[in-house]
Amino acid sequence: MNEILIKGARVIDPANHLDEISDILIKDGHFAPLSEVSDKVQMINADGLIAVPGLVDLHVHLRDPGQTYKEDIISGCRSAAAGGVTSLLAMPNTIPAVDTPETVRYILDKAKNADAHVYVVGAITKDLKSEQPTDIDALKQAGISALSDDGKPVENTCFMVEAMKKAAKLNIPVTAHCEDPYLAGGKVNEGEISEILGVKGMPAAAEDAGTARELSLAQAYHVPIHICHVSTATSYVMIKDAKKQGVQVTAETGPHYLMLTQDELLKRDADYRMNPPLRTEYDRQAMIQGLLDGTIDAIATDHAPHSPEDKSDFVNAPNGAIGMETSFAASYTVLVKTGLMTVAQLIEKMAVNPAHILHIDAGTLSCGKPADIMLFDPSEEWTVDPEKLHGKSKNTPFKGLTLTSKVKLTICGGKIVYNEL
Ligand SMILES: [Zn+2]
């Protein structure tokens, strides 16, 4: 069987408190002791590179079924591989939504041939309409790994409570898109920039009201909740307080909230429009603080592909930006290059913690574990050129930016899925 020896990398594996120059053996899809190396091994010279566990992205829209002109399961996973992501959680706002066992099976079946491990989120309500709950047991039997109506909040609070209770019993997370739907619906962050642009704003309070509701439910019913794409300083403070009080809450933010602010919107380019929107510098600093103090557990991309046609009109374009191919480099540039975090701490946010939240066997290089690994060059600088990215859509808000650190090799389940060595 397939055998790979990675030679001379600096190996950083926070789960094992490991940071040393070492070789890594991969055999039959798993990490293996170096003593088992045979003469049939494929050697990879990794001098000067850092080897870390493959990244786990808790928030990805693969657009399949239904909108495969934007992205599909295969192209989305190719994009993941190029970004060092070996496991991803696929959100249910497809067409149809992931609200039946058939759709769950369709995704899992197609993903067997993909370049990343795909975990499926089942919808909490039929067609994400918050009118009728889904059959969560049937979805679980079909293979879902989490529950959410992401793209939208679960408007009916009773359905949310039932889903959280059920998920706790099934030991899967509920990942919450926090938003008051009546207050939201704007185009950019409400405030100075929305006024300059003359477009309807999305107030921070729309997100904060949603965050407050989900935290209250988790506290009242003693069940876990995972808060998606945190973008406001107020939500950060609420989550921090809830954690102090023992509420079972985990949270993610996205690389774009760490690197960019609402000022980008002055370009009147829809690639900078997402939901939640880019906020203020104060909010951006709060996201960084949240990662540093442990309030925010994970960095997830909210990879949301849209075609150039879809994104052509600044005001009417759908929300969302792609992110998997830039997430590591953008996060590294903001957090590690500046000395705020070590590589090991960044890998906790991008692999170890997300794997725990999702209860999956990933985020470590331990012998016997599935061989999901990423090698990167910590000193390479590169400028993001949308045309060179590997997914179908090119709507990146990082275009033209120079980032530090470049993914060089990704191995998923023992198979080389990305290689620029
Ligand atoms: Zn969302």
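Each reported figure results from applying straightforward, stated rules to the coordinates on display, with no laboratory input. All values derive from a computational prediction rather than experimental measurement. Using ideal geometry, Cβ is built from the backbone for each residue, glycine included, and neighbour counts are taken over all protein chains shown.
Post the alpha-carbon centroid distance, region 274-335 to region 188-240, in whole angstrom.
Value for the Cα centre distance between the two parts: 15 Å.
Give me V60, V41, V120, V85 sorted ascending by neighbouring Cβ count inside 10 Å, so fewest comes first.
Taking fewest neighbouring Cβ atoms as first place, the list is V41, V120, V60, V85.
For region 233-306, what does the alpha-carbon gyration tensor say about shape, rounded, prolate or oblate, given a ≥ b ≥ c as the root eigenvalues, a/c under 1.5 as rounded, and a/b over b/c as prolate? Don't skip to the end; give the middle numbers.
Working: a/c = 2.72, a/b = 1.92, b/c = 1.42.
It is prolate, given that a/c is not under 1.5 and a/b is the larger ratio.
Can you work out the FRET efficiency for the pair Q248 and E420, with r the C-beta to C-beta distance and R0 = 60 Å, to the nearest 0.05? Present the calculation step by step, with values, prior to reporting the outcome.
Working: r = 41 Å, r/R0 = 0.68.
With a Förster radius of 60 Å, E is 0.90.
Using the alpha carbon gyration tensor of region 299-352, what are the three equivalent-ellipsoid semi-axes (square root of 5 times each eigenvalue), largest first, in whole Å? Please report the intermediate quantities before stating the final value.
Working: eigenvalues 178, 24, 11 Å².
For region 299-352, the ellipsoid semi-axes come out as 30, 11, 8 Å.
Rounded, prolate or oblate: which fits region 54-358 when a ≥ b ≥ c are the square roots of the eigenvalues of the alpha-carbon gyration tensor, with rounded for a/c under 1.5 and prolate only if a/b beats b/c?
Rounded shape, in that the Cα axes give a/c under 1.5.
Quick one: which of 366-376, 158-168, 191-201, 268-278 comes out on top by average Cβ neighbours within 10 Å, and what's the full order, highest first?
Descending packing order for the listed peptides: 268-278, 366-376, 158-168, 191-201.
What order do you get for Y282, Y332 when you list them from fewest to most C-beta neighbours inside 10 Å?
Ranked by crowding around the Cβ, least crowded first: Y282, Y332.
What are the aspartates and glutamates whose alpha-carbon lies under 13 Å from the alpha-carbon of K165, with same-chain residues fewer than 8 places away excluded?
By straight Cα distance, K165 reaches D137, E214.
For region 304-421, what does the alpha-carbon gyration tensor say about shape, rounded, prolate or oblate, given a ≥ b ≥ c as the root eigenvalues, a/c under 1.5 as rounded, and a/b over b/c as prolate?
prolate
Just list whichever of K129/K200; K7/K40; K267/K311; K243/K337 have alpha carbons separated by over 18 Å in the model shown.
Values: K129/K200 24 Å; K7/K40 15 Å; K267/K311 14 Å; K243/K337 29 Å.
Too far apart for the 18 Å limit: K129/K200; K243/K337.
Starting from the Cα of T157, step 7 Å along the direction of its Cβ; do the same at W382; then give the gap between the two resulting points in nm.
The two pseudo-label positions are separated by 4.7 nm.
On C-alpha positions alone, give me the angle between the axis of helix 233-244 and the longest principal axis of the chain, in degrees, nearest 10.
70 degrees
Give the percent of DSSP beta bridges with both residues in the chain that are antiparallel, rounded to the nearest 5.
50 percent
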